[in-house]
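Heads up: the structure comes next, in structure tokens.
Computed from the coordinates by the stated procedures, all read-outs in this text should not be read as laboratory data. None of the values given here were measured: they were computed from a predicted structure. Cβ placement follows ideal geometry from the backbone for every residue including glycine, while neighbour counts extend to all protein chains displayed.
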Amino acid sequence: MPRLTGAPEAMPERAERAQRAISTMTRVKVLRYLAHRPEATRQDILDATDLSYATLRDALEDLGSLGYVAKGKGSRSATYSVDRAKVTEDLALLVAFVLG
């Protein structure tokens, strides 16, 4: 197999962010759920997945800190939405980096 030569190219920050977002199935489940059900509550997500409360809380925090999930105010409890455009753009940057 041929070897890569030269200095390794640094992964763009947004590609790194996308890689982190999809590095666990938990975060992937949450992203997929919110992509199809915007304005979902934490309970909606818990009811539809096999995630524990603590696991979901951590995933929502991680995805929020990455800028992919926003917390809103519902009438009774917080709602969550995914920024589809940002996720799509960053995943495209990750694919472009991987495929060179």
Max mean-square fluctuation residue, GNM over the chain, Cα-Cα springs under 10 Å, options ALA70, ALA40, ALA48: ALA48
Most mobile listed residue (ALA21, ALA78, ALA59) in the chain, GNM with C-alpha springs under 10 Å: ALA78
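Rounded to the nearest 500, what is the 222 nm mean residue ellipticity of the chain from helices alone, with -39500 (n - 2.57) per DSSP H run of 4+ residues and division by all residues? Walk me through the numbers before you get to the answer.
Values: 5 runs with 57 residues, N = 100.
The helix-only estimate for the chain comes to -17500 deg cm²/dmol at 222 nm.
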Charge dipole (the chain, unit charges on Cβ, about Cα centre) - positive-most of THR26, VAL82, VAL98: VAL82
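Give, in nm to one decimal, the length gained when the segment between THR88 and GLU9 is fully stretched (0.36 nm per residue of separation minus the Cα-Cα distance).
Details: separation 79, 0.36 × 79 = 28.44 nm, distance 2.21 nm.
Contour length minus the Cα-Cα distance gives 26.2 nm.
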Local electrostatic count at SER81 - Lys and Arg +1, Asp and Glu -1, tallied over other residues with Cβ under 13 Å: +3
Span per principal axis, largest first, for the Cα atoms of the chain (Å): 56, 24, 20
Simple Cβ-charge dipole of the chain, Lys/Arg +1 and Asp/Glu -1, about Cα centre, in debye nearest 20: 180
Cross-link partners of LYS86 among aspartates and glutamates (Cα-Cα below 19 Å; sequence separation of 8 or more within a chain): GLU13, GLU16, GLU39, GLU61, ASP62
